[in-house]
Every structure is written in structure tokens, then in C-alpha cells.
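The values are calculated or read from the model by the stated rules, or taken from the named source; none is laboratory data. Bear in mind the structure is a predicted one, so any value in this text is a computation, not a measurement. Reconstructed Cβ throughout: ideal geometry from the backbone, glycine too, with neighbour counts over all protein chains shown.
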Amino acid sequence: LYSKCRTSDVLFYLCVYKDESLGQGSFSRIFRGTKMDIRDGEKRETEVLLKELDGLHKNCWESFFEAASLMSQISHRHLLLVYGVSVFGAKNIMVQEFVKYGALDLYLKRGRSVSVSWKLDVAKQLASALNFLEEKNIVHGNICAKNLLLAREGDPSQGSSPFIKLSDPGINVAFLDKDVILDRIPWVAPEVLEAPDNLTLECDKWSFGATLWEIFNNGNAPLRGWDLDRKRQFYETFQQLPPSQWTELADLISQCMDYQAGNFGSVELCRYDPLGDNTGELVAVKKLQPNKQ
Ligand code: ATP
Ligand code: MG
């Protein structure tokens with residue numbers, strides 16, 4: 001691939017060589033590649049991940065571009081870096097940072113034993129990315145452990161924590177078939193089933209709750225193996241996921257997965273740490289919206 005891009009004032013050339021196929025995403029084929037920048041006559045190579053929109057979803061290219069554009073315009077240490085989209089003939093390819101340890105759900109399912117504080121670190125990093133998006137009034141719309149990528153494993157004996165990056169949301173839920181949306185239960189907020197074109201910040205909070213559940217259950221998908229009718233009934237009868245053994249976490253998840261969304265304001269994940277030595281407990285803090293106080 002070869003394209004000429006302009007980012008702010010810097011003009012650079014981008015060459016990407018598709019090399020290794022990494023399989024299939026929901027709407028894309030995934031490859032590993034190399035990006036080559038030539039700046040001031042110097043060649044620089046960076047490992048990248050390429051998401052090529054598959055033929056079946058070609059008509060969703062605008063939404064695919066929108067996801068890429070969203071990610072490339074904002075910058076936060078826990079948000080994935082997206083370099084841009086390359087249009088090559090009929091192919092639309094999102095070029096993004098390659099994250100070494102891949103998707104968090106797969107990592108946890110591979111049976112790597114990680115501690116509760118490791119999971120808590122990951123949860124806090126996700127919360128900080130979502131807090132950043134909320135301050136900018138940006139809805140992500142597809143938060144789940146599959147879309148959390150692990151950049152660093154972390155080693156408690158060396159005092160280093162894991163490090164995650166939230167990936168792009170992919171195609172907007174408004175363009176997806178009803179069955180695909182139903183299959184996203186319990187990550188997708190119930191109100192999205194009624195109005196998929198009206199994603200709100202509250203929807204991300206619901207997904208945050210489901211993702212916390214997933215992280216603390218070692219990457220196992222909540223409601224795994226349930227058919228779509230059973231999943232639909234789960235929401236129709238206002239059910240909740242099995243509660244965690246830790247009351248604070250169970251409370252936090254149920255406050256996020258609140259069927260009366262928007263009534264109470266936002267939920268934040270905090271550590272109550274009166275001694276200031278990081279031994280404090282995980283607590284959920286519900287901030288009331290000023291007009292509801
Ligand atoms: P969706 O829009 O539903 O998230 P997708 O097209 O993004 O779909 P995923 O299923 O999220 O596809 O990703 C497919 C797999 O590709 C992941 O399980 C992960 O292992 C790998 N992957 C995705 N992005 C990256 C990345 N930036 N770095 C390394 N691996 C990645
Ligand atoms: Mg993804």
C-alpha cells in the first residue's frame with residue numbers, strides 16, 4: 001500500500017506491507033504489517049495492525065472511517081493509537097498500533113494467572129479512558145474485554161502493572177443487524193435495542209459494568225452459550241449477571257448495569273485509601289447529576 005498523508009503540518013509517506021494474517025475480526029480481516037515513515041529523508045519502520053473491512057460489510061465503510069477518525073483525533077495513554085485509514089482500490093484498511101499481547105479476553109482465557117489487584121489495575125485504566133471520553137462527551141459504543149488490548153503484562157515482583165489500551169469501536173451499532181445487537185447482550189445497554197441510533201454516555205457505563213464482570217471472571221463471556229431469545233428475555237425480565245463475591249465490585253457492576261439509566265448520574269471506580277498506601281478498598285462512587293441532587 002502506498003498513500004500520502006498530511007497530519008497537522010507534517011507531510012509523510014506511509015507504506016504498509018501486509019505480511020502475517022491474524023485471522024478474522026467481527027467485520028474485518030486482521031493482518032500484521034509494517035508502517036514506513038520517511039521524514040527528513042530518514043526511514044522509520046513501525047509495527048502495525050491492519051484491519052481490512054470485509055466485503056460483506058462494504059456498505060458500512062463510512063461508519064468504519066468514523067471509528068478510525070474518532071480514534072485518531074483523540075489521545076490518551078489508554079486509548080489505542082489509530083494512524084489512519086488507507087483506501088487501496090476497493091479495500092478500506094484501518095492502520096493502527098500493534099499491541100503486543102492482543103485482546104484481554106483471550107489473554108485471560110489462556111489461563112495466565114493474574115491477581116485481583118492486576119484486574120483492578122486494568123479496571124482503573126479502563127475507567128480512566130472512559131472518564132476522559134466522558135469529559136469530551138464522546139461515546140465509544142463497543143466496550144468489552146475483546147476490545148481491550150494488553151500492551152504490557154506487568155510483573156508484581158518488579159512492581160510493574162499491566163497496561164491496557166481501549167481499541168476502536170468498529171462499525172456503529174446503528175448499522176448492525178438486530179441479531180448482531182442481540183448477541184452483544186449483556187455488553188450492549190438495553191435501551192440500544194430499542195434505539196440503536198441513540199448511543200449515549202450511559203450506554204458506555206452499562207458496557208463498563210459487563211466488561212468488569214468479564215475481567216473479574218477471567219475473560220469468560222457473560223451469558224456464554226445463551227441463544228438470542230434467552231438473551232433478549234434476560235433484558236426483558238430485568239435480570240442481572242451473577243454477583244461477584246466482592247460486595248464492592250458486585251455493587252459497582254449493578255450500579256453500571258442499571259435498567260433505569262440516567263436517573264442517578266455517573267458511577268466512578270475509586271480506591272478508598274485513607275492511609276494513602278494503596279491498601280485501600282475498591283469502592284463505587286455514584287456522583288449525582290447536579291440537577292438531580
Ligand atoms: P469489533 O468491531 O466487534 O471489535 P474487530 O474487527 O475489531 O471487531 P476484534 O474481534 O475486536 O475485531 O479483533 C480481532 C482480534 O484481533 C482480537 O481478538 C485481537 O486478538 C486482535 N487485535 C485487534 N486489534 C489489535 C491490535 N491493535 N493489536 C494486536 N492485536 C489486535
Ligand atoms: Mg475490536
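Being closer than 19 Å to L150 by Cα and within 20 Å of the chain's Cα centre (by Cα) narrows it down to one of S75, S28, so name that one. Before you say what the answer is, go through the steps one by one.
Working: S28 fails: closer than 19 Å to L150 by Cα.
Result of the check over S75, S28: S75.
Restricting attention to segment 209-219, the residues that are in contact with a Phe, Trp or Tyr (Cβ under 9 Å, 6 or more places away or on another chain) and either part of a loop (DSSP other than H, G, I, E, B) or of a type outside the set (G, A, S) (or both) total 4.
Is there a residue being in contact with a helix residue (DSSP H, G or I) (Cβ under 9 Å, 6 or more places away or on another chain), in a strand (DSSP E or B), away from ligand 2 (no atom under 16 Å from the Cβ) and within 30 Å of R112 (Cα to Cα) anywhere in segment 154-175? Checking segment 154-175: at least one residue is in contact with a helix residue (DSSP H, G or I) (Cβ under 9 Å, 6 or more places away or on another chain), in a strand (DSSP E or B), away from ligand 2 (no atom under 16 Å from the Cβ) and within 30 Å of R112 (Cα to Cα).
The set of residues from segment 150-173 being in contact with a Lys or Arg (Cβ under 9 Å, 6 or more places away or on another chain), touching a residue at least 40 places away in the same chain (Cβ under 8 Å) and within 19 Å of K205 (Cα to Cα) comprises I164, K165, S167, D168, G170. Each residue in segment 115-142 was checked for being without any contact (Cβ under 8 Å) to a residue 60 or more places away in the chain and part of a loop (DSSP other than H, G, I, E, B), and 1 pass.
If you go through segment 172-189 and pick out every residue that is crowded, with 19+ Cβ neighbours inside 10 Å, more than 18 Å from E214 (Cα to Cα) and not aliphatic (A, V, I, L, M), you end up with 1.
For A261, are the conditions met, namely being at pLDDT below 95 and either closer than 16 Å to P190 by Cβ or exposed (fewer than 13 other Cβ atoms within 10 Å of the Cβ) (or both)? Give the steps one after another, and end with the answer.
Values: at pLDDT below 95: yes; either closer than 16 Å to P190 by Cβ or exposed (fewer than 13 other Cβ atoms within 10 Å of the Cβ) (or both): yes.
When the stated conditions are applied, A261 passes them.
Applying the condition of being under 22 Å from R32 (Cα atoms) and either in contact with a Phe, Trp or Tyr (Cβ under 6 Å, 6 or more places away or on another chain) or among the β-branched types (V, I, T) (or both) to segment 85-118 and asking which residue is surrounded by the fewest Cβ atoms within 10 Å (Cβ to Cβ) yields V87.
Total residues in segment 48-61 satisfying the condition of being in contact with a Lys or Arg (Cβ under 7 Å, 6 or more places away or on another chain) and among the charged types (D, E, K, R): the figure is 2.
Among residues belonging to segment 47-60 that are closer than 15 Å to F175 by Cβ and within 20 Å of the chain's Cα centre (by Cα), point out the one that is surrounded by the fewest Cβ atoms within 10 Å (Cβ to Cβ). Can you show your working first?
Residues of segment 47-60 that are closer than 15 Å to F175 by Cβ, as a first pass: 53-54, 56-60.
Next, only the ones that are within 20 Å of the chain's Cα centre (by Cα) stay: 53, 60.
Numbers: L53: 25, C60: 21.
Ranking the qualifying residues of segment 47-60, first place goes to C60.
Restricting attention to segment 74-91, the residues that are closer than 19 Å to A103 by Cα and among the charged types (D, E, K, R) total 1. Within segment 21-38, residues that are within 16 Å of A68 (Cα to Cα) and touching a residue at least 60 places away in the same chain (Cβ under 8 Å) reach partners that are away from ligand 2 (no atom under 12 Å from the Cβ) and assigned to a strand (DSSP E or B) with beta carbons closer than 6 Å, at six or more positions or on different chains, in the pairs S28/E52; S28/L53.
Of all residues in segment 27-46, those satisfying the criterion of being surrounded by 13 or more Cβ atoms within 10 Å (Cβ to Cβ) and not hydrophobic (A, V, I, L, M, F, W, C) are S28, R29, R32, G33, T34, K35, D37, T46. Scanning segment 71-114 for residues that are free of Cβ contacts under 8 Å to residues at least 40 places away in the same chain and among the polar types (S, T, N, Q), we see that the one that is nearest to E153 (Cα to Cα) is S113.
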